[in-house]
Structures are given as structure tokens and as C-alpha cells.
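Written out below as C-alpha cells is the structure these notes cover.
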């Protein structure tokens, strides 16, 4: 399948590498291709420059936001939550029209110190997922994978035998079914994929970040996720 | 131990019954004792009137908020989140001074329809737990047990062999240690009690309600809680 990833950071790279390894045609979108490839410094999180990663994954194409969005049958938003809307607007509504947009971003607000809170106007009674769906009404937004470290998104078997939670929220049932198929390629078991209903469910899954960032601070080092006990 | 419960609802009753069965001296506080005992209708959630429950648990005393708060060595806030501050102010700062206040309430906002959201000024960058601690600076507030159905609070063994999560947050380490001892009487295992740090951790544990109420709507009927997979 042709899959576009909007965002060149660690999360976008992790998804791109895994999807390419699974045999998909993957393109990553960025604001400025030559500038991105010319970067030589580590990013804010200490990850090596994009070009270093790209040497190992040259089968993943890099192009502008609009060209990348135009290429994919499915588009994945892997841009920081606070920049997602700008990036998607640059990608262009016409390039996203009718497509499934998997939104894995979170509206984290680092402006008030650590741990981050959520951007006030995109939390509690609203969400980034809803804002994206409202901004691109002809795109089928599915919120998923946003409640964990990116290494777990593409390889849930890393912990607990893969038996832990991933939520979905979106208005289009067919789109969610397609996304579930893709998630199963990563190793997600259907019984661990919880459908929260329409895109308002993004309010709930994005809010998980508030407890996630606290636990990230107090738990012993290593990937973790939640499971439901009943 | 002498334990006061502020709030006569289903949650307060469940805690009172369990604590009395464990051998504690328990008193429940209410606004108006004779009015509470005279109620004959079910409450908004369909629970029988307080007097019906009280017949089976007459060893639990019922008294005014101030008298109840004055009695206990530990006080438990089991009033709805939106009414907690009013009730605790009626109980009186002098009656709560120096004491451990276990806050199990959540600032749920039902005014915008179902599922509830959180009261805006008590969420994300602030919390009910913090507001209570700020209002009663000489009381040692410990936020805990607020992320589950009340039946699980007092009997975690009901599901998953008792192997699921309960968070604590509070500024006083000694108070948290005392609360952990009480939680262990209910059957909580120490390894499942996650200390989120100071009372700002209440922002995180209260936010769990946003995903909890969604899951309550989509999961098969029955009690549930979360566990950490790592």
C-alpha cells in the first residue's frame, strides 16, 4: 500500500521504517526537503539528523508535505500536536480529500514546564483529533496509537507478549476497519484494539497522556503501556 | 482507627461498610442528619435511600459534617467532586487540621452532557486534589482510589486476582505511608500502588476519568480497572 507520513521526527521515522519493512511504499513529508537532508545536528530529543537515518532507509522517499500527502492512500500525522494543523494545512486539503488520515499526535503543551499538560483549547471538551476532522471534513480521521512510545506502536510484542491496549476513535467505520488491518500487520491483536466510537473519543485517548507522562517519570526505565483488567 | 467519611452516597456507604467490617470506628458526615434519615426516595443513580442502608450498618454513626470531621483520625472525602469543597468547608478547617484527608472524588462536569468531562478550572494544569490541599494547607491531602468503581476500592480482589492499579499523590510522605497501610487492609498489594509524587499528581489520576467514562460506555458490563504492562 502507498503510505504517507507527515513528520520527519523519531516517531515518523519509526513508523516509516516499520511500514517499509512490511513491504509498503512509504513517503515522508517535510517542509523543505533540501534543508531537512542538510541538517547535521541532533534534534531536541537527541536523535541523530534525518539524513543519518535515511541512509539506512533510502527506500523511504522524502518529499514536500503536499507531494507526500498526494502520494499515499493512507496518510499518517506524525507531527508534534502543536504543529499538526499547520503541517496538514501545508499538505493541503485537496491532497487529503477522501483519504484515511491516521492521527497519532498529542496536543502536548510544554510551555508550562514539565511534565507537559495538554493544550487547553484541544483538551477535555475538545481534542486534536476533532480539530483535524473539523478542519478536513472530507478526510476520514482515525485517532490511534497516540497512547504509547513509538517503538511499541510498530512492535507491541516488545512487552507483555503484545497483550496491551490501543484505542481507536473515528467517524468512519470502514476507515477504522482498514486501520485495524494495518495495526494487525504491526502485531496488534484485535481484542486489544478498543473502539471508543466517533472522533470525540480522541478526547479520552489524548487525555491518557496526562497519566502517561507522570508514569514515565516515576516508573523504572523502559517501555510500558496499559491493559484492562476485568 | 477512627475514620470519618464525608458524603452519604453510594461511594461513602461502600467505604463505610468495608471499614466498619474491618473493625474501624466509622462515622459518616452529612449536611442535615434528620433530613438524610427521612429520605424515602432512591437517589439520582437509583440507589435506595440512606436509611435503608443504615439499618444494615447501624454501627456506622451519622452526624453533621463538622462533628464527623472532628471525630476521625483520618477523614475521607467521598462527596461528588463539584460539591467537595463546599462540603469540606462546612466540615471546617479546624476539624481537619493536621489530619490525613483521603480525597477519592473527581471533578466531573455533567453540565455538558454525557459522557462527563472534567470541570475546566480543576483539570489539566490544576486538580481537585490540589484545590483541596490549597484550601486546607494544614491538612495532609492524599489523592487515591479515584480511578475505579467503589466496589473495587474496598475489594480489589474482585477482578484479576487483585492485580491492578491504584495511584497515590500527596505532599506528605508519612501520610501516604499511613494511607498505604489502610489500602493494604482492603487487599491492595503494595506493588500495585503507584506513587505519582506530590499532590500535583492528582492532575494525572483525575484525568484518568476521561478514558474511564468512555470505556465504561463501550466495554461489556462489569467492573474494570487498568494495569501496567512493561
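Values in this text are rule-based calculations from the coordinates and carry no lab data. Computed from a predicted model, the values in this text were never measured in an experiment. Neighbour counts are summed over all protein chains in view; Cβ atoms, including those assigned to glycine, are modelled from backbone coordinates with ideal geometry.
Structure summary
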item	result
Averaged over A:116-128, number of beta-carbon atoms from partner chains that fall within 10 Å	3
7 Å along Cα→Cβ, label-point gaps from residue A:177 to other copies, nm, shortest first	5.9
Rounded to 5, percent antiparallel among DSSP beta bridges of region A:27-183	30
Gaussian network model of chain A, Cα within-10 Å springs - most flexible of A:50, A:110, A:71	A:110
Per-copy distances of the residue B:55 label point, shortest first, in nm (7 angstrom along Cα→Cβ)	8.1
R0 of 51 Å, Cβ-Cβ distance residue B:2-residue A:86: FRET efficiency to nearest 0.05	0.30
Residue A:177 paired with residue B:37, simple spin-label distance in nm, labels 7 Å along Cα-to-beta-carbon	6.2
Inter-chain shielding of B:209-222 (mean C-beta neighbours from other protein chains, 10 Å cut-off)	5
7 Å along Cα→Cβ, label-point gaps from residue A:157 to other copies, nm, shortest first	3.8
Shape category assigned to region A:17-85 from the gyration tensor of Cα positions, a/c cut at 1.5	oblate
Cβ-Cβ FRET estimate between residue B:191 and residue A:155, R0 fixed at 30 Å, reported to 0.05	0.70
The protein assembly as shown - Rg over Rh from alpha carbon coordinates, Kirkwood radius	1.03
Highest-fluctuation residue, A:108, A:96, A:210 considered, GNM on chain A with Cα pairs under 10 Å	A:210
Point-to-point label distance, residue B:121-residue B:216, nm (Cα→Cβ direction, 7 Å offset)	2.4
For the protein assembly as shown, share of DSSP beta bridges that run antiparallel, in % to the nearest 5	25
FRET efficiency estimate (nearest 0.05) - Cβ-Cβ, residue A:94 to residue A:45, R0 25 angstrom	0.15
Quotient of Cα Rg and 2.2 N^0.38 Å for chain A, N being how many residues it contains	0.95
Relative contact order [Cα under 8 Å, 6+ residues apart], region B:2-218, whole percent	18
Antiparallel DSSP beta bridges within region B:68-150, as percent of all bridges there, nearest 5	20
